[in-house]
Every structure is written in C-alpha cells, then in structure tokens.
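Chemist: I have a structure here, written as structure tokens, and I will follow up with some questions on it.
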Amino acid sequence: FDEMLALDYEKITFGIKHAYQAIDILAMDILIITDGFLKKMGPNFRKELHKKVLKLNDNQGCQKVLSSKHVTGEKVDKMGGIVGILKFKIDLEYHEENHINDVYLDIPEVDEKDDNFMEEDFLKDDLD
C-alpha cells in the first residue's frame, strides 16, 4: 500500500465521496475500509455502502476490511478510514467540478454509532 501511495498517487482515492464516484464509473479496483470507519457508521450508511461494494464486486473489483489496530489500518484511518486503489488514473475532481455522475453521489447521512456492528454483517451477501 505504501509503495502504491508513493509511486502512483494519482490512482488513489480518499474519502467516501470519491470512492462512490470511482465505483460508479467502474474505475475502482480495490476498496480499503477500516473496521473503525465502519463502526462509526450507522446501519443506513452501511447498507448503502454494501450496495456499492456489490457493484464493485460485480465489476471485478474487491474490498478489504482492515483492522484499525493493524499498521496499514492505522494509516488508512488517518486518511479518513476509506481509501480506494483505482484501475486507471482519472481526475475525480474534474468529474466533481463538472457535475459528472452527480446522480450517484447521494451519500446518506451518518447515523449514530452502532455498538453492535459486526464486520460479517457488512460482508455478507445481500439477501434482500
């Protein structure tokens, strides 16, 4: 991860907004999320994120949930708790400035902290 960050910074996204945008335009390769980030989010947010992860998986991407106690997890937490590695370089700021894909950026409000969160709940298949 550190090597990718140092060598190919333009293929890294930071934050939920750019992660969602990259998934929607099929640019996301690997979505890295910490368990600490997920624990801060309520069930509505996690449900929306789960839909994005399913879309990512359908398009040959993958997600990794890291422990916030792991060295890399600590680094990702310092970057906001959610980081993406892109398949190719794309200017997400340009897309944002020009309102490209705005329809996909309906990011739900963060719910109250959910102390009963289990990582398995996030990763299980969507049965709805």
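The values are calculated or read from the model by the stated rules, or taken from the named source; none is laboratory data. Computed from a prediction, not measured in an experiment: that's the story for all the values here. Note: ideal-geometry Cβ built from the backbone for every residue, glycine included; neighbour counts use all protein chains shown. Quick note on the areas: whole protein, heavy atoms, side chains included, nothing else; ligands and nucleic acids left out. Shrake-Rupley method; radii C 1.70, N 1.55, O 1.52, S 1.80 Å.
Chemist: Report yes if some residue within segment 51-69 is charged (D, E, K, R), open to solvent by 90 Å² or more (accessible area, probe 1.4 Å), under 17 Å from His18 (Cα atoms) and part of a helix (DSSP H, G or I); otherwise report no.
Modeler: yes
Chemist: Answer with yes or no whether Lys11 is modelled with pLDDT under 90 and of a type in the set (Lys, Arg).
Modeler: Criteria met by Lys11.
Chemist: Hey, does segment 88-97 have a residue that's more than 20 Å from Ile12 (Cα to Cα), crowded, with 17+ Cβ neighbours inside 10 Å and either modelled with pLDDT of 85 or more or touching a helix residue (DSSP H, G or I) at 6+ places or on another chain (Cβ under 8 Å) (or both)?
Modeler: The answer is no; no qualifying residue exists.
Chemist: Examine segment 29-37 for a residue that is open to solvent by less than 20 Å² (accessible area, probe 1.4 Å), in a strand (DSSP E or B), touching an Asp or Glu at 6+ places or on another chain (Cβ under 6 Å) and not charged (D, E, K, R), and state whether such a residue exists.
Modeler: The answer is yes, given that some residue of segment 29-37 is open to solvent by less than 20 Å² (accessible area, probe 1.4 Å), in a strand (DSSP E or B), touching an Asp or Glu at 6+ places or on another chain (Cβ under 6 Å) and not charged (D, E, K, R).
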